[in-house]
Amino acid sequence: MTPDEELAAAGAAPTRDQAAVAMPAGGRYRGAGDEIALDLRVDAELNIVSGDLYAITSRPGSDEPLVGYAASFRTSPPLDASLPSAILAEDDLGGRTTGSMLLDGPAPGRGGGGAVTVTVVLDGGLNGIGSRRPMTVVAERVGDLLRPIVLEIDRERDVAEIAPVVDDGGVVRTLPGVLAGAGLDPVVDDRDDPIPVKDAGWDTAELHALMVDVADRPVDRPAWGLGLLVLGSADERQRGLLGVMFDTTPQLPRQAAAVFATAVRELRPDDADRKLMQTTVHEIGHALNLAHRFEREVGRADSFSHMAYDWRHVGGPEVFWEGYDYRFDPDELAFLRHGRRRDVIPGGAPFHSVRYWADGGGGSSPYVPEAPLAGVSLLLDPPPASLTTAGPLFGFGQPVYLQVRFRNDLDVSIEVPHQLLDHKVGLLEVLIRRQRPGDPSGIVDADAFRPVAQRCVDVDPGVARTLDPGDEMTDNLNLTFGASGFGFAEPGRYEVTALLVVPEIRDGQVVREYVAASAPLPVTIAHPVSALDEISAVELLDPEVGTWFALGGAPALRRAGDRLDALAERRGGDPNRDPVVAAIVRAQAFEALRSPIRYERSTDTFRSEPSRPELAVERLRRLDAGALASFDPSTAAGTRRLARDLEQRM
């Protein structure tokens, strides 16, 4: 049920007998009373008022009170300032209650900007705030915009800044101006010290390290700040990648993003500035918990929002750009301005954890076929060593790898994006469902697996894949750890289903889309069978370790890597007998091949860490056929190719 539906179900708030009171001027107000402090947002455009409540309590042994966030509330339109309005309030602990809010004002402000008297009554207690008693605050107006955001921008040397764009109406569009149009109050900190050039481009784990290093604020707690890297290009394996948003836990949950400005200019030379502006706001939107508009759940492939892709628009790129007006859609605006603080603030709720969009569509999105469609096939393949008569079986704490396989069963060739099966891109949706006795198979109540990095891509005709009739393409799925944590944290039986949107490309344009669904794959996670399994779980189910596995080794998480190295030794150190050790050794090899650029805050300098190919070769030599059988076929094949290539170069 949406917030508006909940408020409607709660009934109208009580009325009072008084003359009509003018609506206060739109903007942000702040104030404190005896019991609460309030950050209030009055939205004249959407006719919504919302606020964040902070409980005021005494501090033991001090005259200074404690002020801590307690809950958020919002009204539902239509809103009449002369009447108490129904509100829905939520805290961060799962508590929800209805209530009412009354605005008295406007009145002259002590600071000259105007003030409003706000009275809030909650029907139930929330996080230290009592129920059914009026709490009154005089709130001073502090500005026109509704929520703050600080952008820390770091650029790679020789990469141009995000330039203003003049739209078709002659309006100059700047990044701060576009964000202000969404009700955000941006403070842009464009740092002078450039990031050294990385000629080979950036891979995901190297980006993660850079984002952790350069952040001026703590990245392990919520804050209205966002690190934005403006870089050249991703590495060659990720051609067509225009932007990335990180949602790792505990570091960087929606607190950092990157855009690849050189890649944008190479792919869109005739319209680079506009495309770069849209891409940048798009990644900032992800960091504020906005989803892609074309996703199956959202169902708005007809959208002209920043959060759409031009090449995924139902009318095609030309139609998208004709309608694009540097704005978010109304439901996105309502969420950005009035969503619960935890759901919007960087570092708060996991990405894609809030259904702020209206259910039921009304736009356009791929449907889920009830039976396999003729012409395309999608299959999931487990590791060979996991196969039992009852289906794949993974040890407790064992990293979960699967292969996804797409086959062209048509009688004609088709051209598809080369990133088609990369589950970080968004064309492939992976659903994980905990199955209990008597449950039917299917995707009802399944949880979508969200990777720790969200990649936003464009069609690059230079690396598109042509699939002739009967051809397949494959990729691996590392489902060990995602934005919401471990997908298989408990022993038991699960089902994994894959859904894939297949854009067919012709002359660089999408001409049609196919939708493929895999059969549900049963996966069983074993119970611990030894004391060592129990001890290992403490390490393996730690979020920092999960992030290390998800990134294939992470330079910024050396402590997690050291802990896993020690764990591998405790487990006997043989990757050919232990799939947990095999996963550690493989990720160590990939980490050794990276050459990250690290920032040292103590000396205010950047340094390049050299790769260690000798260590990578040593690790890969430890993985024989038995060890590789604990990985899916795609992961095993890629590991063999890498080992062979390194041996030839050494």
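The values are calculated or read from the model by the stated rules, or taken from the named source; none is laboratory data. Please read all numbers here as calculations on a predicted model, not as lab measurements. All Cβ positions, even for glycine, are placed from backbone atoms using ideal geometry, and neighbour counts span all protein chains on display. Accessible surface is based on the protein model in full, side chains and every heavy atom, while ligands, DNA and RNA are left aside. Shrake-Rupley method; radii C 1.70, N 1.55, O 1.52, S 1.80 Å.
Things worth noting here:
- Some residue of region 431-444 being surrounded by 18 or more Cβ atoms within 10 Å (Cβ to Cβ), among the aliphatic types (A, V, I, L, M), under 18 Å from the mean Cα position of the chain (by Cα) and closer than 13 Å to ALA498 by Cβ: yes
- Matching option when the condition is part of a strand (DSSP E or B) and either within 26 Å of GLU415 (Cβ to Cβ) or open to solvent by 20 Å² or more (accessible area, probe 1.4 Å) (or both), among VAL529, VAL511: VAL511
- Across region 57-101, the number of residues qualifying as part of a strand (DSSP E or B), modelled with pLDDT of 90 or more and surrounded by 17 or more Cβ atoms within 10 Å (Cβ to Cβ) comes to 17.
- Scope region 212-223; condition touching a residue at least 24 places away in the same chain (Cβ under 8 Å) and open to solvent by 50 Å² or more (accessible area, probe 1.4 Å); matching residues: ASP216, ASP220, ARG221, PRO222
- Of all residues in region 273-307, those satisfying the criterion of being modelled with pLDDT under 95 and closer than 19 Å to TRP321 by Cβ are HIS292, ARG293, PHE294, ARG300, ALA301, ASP302, SER303.
- Among the residues of region 180-210, those that are within 17 Å of PRO148 (Cα to Cα) and touching a residue at least 40 places away in the same chain (Cβ under 8 Å) comprise GLY181, ALA182, GLY183, LEU184, ASP185.
- Residues that are in a helix (DSSP H, G or I) and out of contact with any helix residue (DSSP H, G or I) (no Cβ under 8 Å at 6 or more places or on another chain) were ranked within region 532-541; the one that is surrounded by the most Cβ atoms within 10 Å (Cβ to Cβ) is ASP533.
- Qualifying residue in region 248-261 (condition: out of contact with any helix residue (DSSP H, G or I) (no Cβ under 6 Å at 6 or more places or on another chain) and of a type in the set (Ser, Thr, Tyr)): no
- The single residue among GLY169, GLY177 that is farther than 23 Å from SER608 by Cβ, open to solvent by 10 Å² or more (accessible area, probe 1.4 Å) and assigned to a loop (DSSP other than H, G, I, E, B) turns out to be GLY169.
- Every pair of residues 6+ apart whose Cβ atoms lie under 7 Å, when the first sits in region 327-354 and is under 20 Å from VAL452 (Cβ atoms) and assigned to a loop (DSSP other than H, G, I, E, B) while the second is open to solvent by less than 10 Å² (accessible area, probe 1.4 Å) and among the polar types (S, T, N, Q): PRO346/GLN255; GLY347/GLN255; ALA349/ASN289; PHE351/ASN289; VAL354/ASN289
- One residue stands out among those in region 591-628 that are open to solvent by less than 30 Å² (accessible area, probe 1.4 Å) and of a type in the set (A, V, I, L, M): the one that is farthest from LEU402 (Cα to Cα), which is ILE597.
- In region 309-319, the count of residues that are farther than 28 Å from PRO543 by Cβ, modelled with pLDDT under 95, in contact with a His (Cβ under 9 Å, 6 or more places away or on another chain) and open to solvent by less than 40 Å² (accessible area, probe 1.4 Å) is one or more.
- Note on region 490-508: residues that are open to solvent by less than 70 Å² (accessible area, probe 1.4 Å) and either closer than 24 Å to ARG433 by Cβ or within 25 Å of the chain's Cα centre (by Cα) (or both) amount to 12.
- Looking only at residues in region 129-161 that are under 30 Å from THR605 (Cβ atoms) and open to solvent by 30 Å² or more (accessible area, probe 1.4 Å), the one that is nearest to the chain's Cα centre (by Cα) is VAL150.
- Being at pLDDT below 95, open to solvent by 30 Å² or more (accessible area, probe 1.4 Å) and within 23 Å of MET211 (Cβ to Cβ) is a property that ASP104 lacks.
- Taking region 186-221 as the range and being more than 25 Å from LEU593 (Cβ to Cβ) and in contact with a helix residue (DSSP H, G or I) (Cβ under 7 Å, 6 or more places away or on another chain) as the test, the residues that pass are PRO186, VAL188, VAL219.
- Filtered residues of region 457-471 (kept if part of a strand (DSSP E or B) and open to solvent by 20 Å² or more (accessible area, probe 1.4 Å)): ARG465, THR466
- With respect to the conditions (1) modelled with pLDDT under 95; (2) open to solvent by 50 Å² or more (accessible area, probe 1.4 Å), THR474 falls short on a single one, namely (1).
- Residue in region 441-457 that is at pLDDT below 90, farther than 22 Å from LEU410 by Cα and among the hydroxyl-bearing types (Ser, Thr, Tyr) present: yes
- Qualifying residue in region 398-412 (condition: under 26 Å from TYR514 (Cβ atoms), open to solvent by 60 Å² or more (accessible area, probe 1.4 Å), assigned to a strand (DSSP E or B) and touching an Asp or Glu at 6+ places or on another chain (Cβ under 6 Å)): yes
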